[in-house]
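Step one of this worksheet: look at the structure below.
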Amino acid sequence: MASWLDGKVVENRRLNDYLTALIVDVDLGGYEAGQFVRIGLRDGDEVLARPYSLVNTPQEPHLEVYFNIVEDGPLSPRLFDLRAGDDVVVSSNPSGFLTVSEVPDCKHLWMIATGTGIGPFLAILKSEPAWQRFEKVILCYSVSYGVELAYQELIAGFGAEHGDRFHFVPVVTREPHPSALGKRVPLLMQDGSLEQHAGLSINADDSHVMMCGSSNMITDVSTELVSREMKKHRRRDPGHFTTEKYH
Ligand SMILES: Cc1cc2nc3c(=O)[nH]c(=O)nc-3n(C[C@H](O)[C@H](O)[C@H](O)COP(=O)(O)OP(=O)(O)OC[C@H]3O[C@@H](n4cnc5c(N)ncnc54)[C@H](O)[C@@H]3O)c2cc1C
């Protein structure tokens, strides 16, 4: 059972009135890029906590989580209102299998995120192992509105550092957006435009696909992958895709 570590908010870096990155100072032990912790607030003797993926790497000094307000959700609106100096608690046991060490050997690593599901992929892209293990890394980042495309400078930096080994596919589904594809990711796979944009195919011979975010996207993309003779990865039964559902 996890114990709670006491942490302090260093910064609440708001992107708009429903998306923010919370930076937390806490003494967390070892973990892998892509894992998540539970973050919460004390209510008397009780703790109200939810899982959040870490955007930071283990080498960075502070924890960073990126999230949206869920209206009527018990915790996310309260976390959104925190300010520098406020107290939070953080679970002492980072967990999760959305990590590069869980991915079997392959040539191309595809990462598909919806919304705040971008977080763990940023941590992975900031870390060395992804660049040591795969010839090409493709990041597909799907949001509803262009203003929700966060961390654009960081993502541009991966391109500047890794050249044509990195390919970024932004997707904006609810309004036209320059340079972004405009349909839900499962449709972009079915009509071939995702792979056309990247100049690579997604197949069982050389690809592994990581997905993070909404269960609708994950279910529909998984169905498409299964139709391509790809299967969900398990430690005891290696496969071609790994998933983390936020909701
Ligand atoms: C392993 C894991 C990692 C997660 N990491 C993140 C993260 O890095 N960033 C992040 O924003 N969320 C993340 N989540 C979701 C997060 O834990 C909370 O559920 C979310 O912040 C809402 O909390 P809440 O207490 O306000 O509402 P909850 O009681 O948790 O949820 C209320 C309702 O909202 C749905 N919901 C949960 N998250 C969302 C969302 N993002 N958008 C729309 N509906 C949602 C739930 O399915 C539920 O029906 C993660 C979830 C899991 C399981």
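From most to least packed by mean Cβ count within 10 Å, the peptides 63-69, 218-224 give 63-69, 218-224. Just to verify a number: what accessible area does L181 come out at with the full protein assembly present, 1.4 Å probe, Å² rounded to tens? Result for L181: roughly 40 Å² accessible. DSSP beta bridges confined to the chain are antiparallel in about 50 percent of cases. Size of the range 21-165: Rg and Dmax of its alpha carbons, in Å, are 16.0, 52. Think of a 1.4 Å ball rolled over the protein heavy atoms: the range 156-228 then has 46 Å² of accessible area per residue.
The candidates H233, H208, H167, arranged from most to least accessible area with a 1.4 Å probe in the full protein assembly, appear as H167, H233, H208.
Taken one residue at a time, the phi angles of the range 189-198 give Karplus couplings (6.51, -1.76, 1.60, θ = phi - 60°) of 6, 5, 8, x, 6, 5, 5, 4, 4, 7 Hz. Gly and Pro are set to x.
Per-residue SASA remark: K8, around 100 Å² accessible (1.4 Å probe; ligands, DNA and RNA not included). Of interest is the spacing of the C-alpha centroids, which for the range 70-94 and the range 1-59 amounts to 7 Å. Based on the Stokes-Einstein relation at 4 °C and a viscosity of 1.567 mPa s, and on the Kirkwood radius from alpha carbon pairs, the range 130-243 is assigned a translational diffusion coefficient of 86 µm²/s.
Under the criterion of Cα pairs below 8 Å and six or more residues apart, the relative contact order for the range 26-112 equals 36 percent.
Compute the long axis of helix 152-162 from its Cα atoms, compare it with the longest principal axis of the Cα atoms of the chain, and write down the angle in degrees, 0 to 90, nearest 10. The two axes meet at around 50 degrees. Over the chain, dividing the summed -39,500 (n - 2.57) contributions of all DSSP H runs of at least 4 residues by the number of residues returns a 222 nm mean residue ellipticity of -6000 deg cm²/dmol. The residues of the range 4-91 present an accessible area of 50 Å² per residue when probed at 1.4 Å with all protein chains retained.
Share of carbon and sulfur in the accessible area of the range 75-206 stands at 50%, probe radius 1.4 Å.
The values are calculated or read from the model by the stated rules, or taken from the named source; none is laboratory data. Remember, it's a predicted structure, so these values are computed and weren't measured experimentally. Methodologically, a virtual Cβ is constructed for each residue, glycine included, from the backbone with ideal geometry; neighbour enumeration extends over all protein chains shown. Heavy atoms of the whole protein, side chains included, go into the accessibility calculation; ligands, DNA and RNA do not. Shrake-Rupley method; radii C 1.70, N 1.55, O 1.52, S 1.80 Å.
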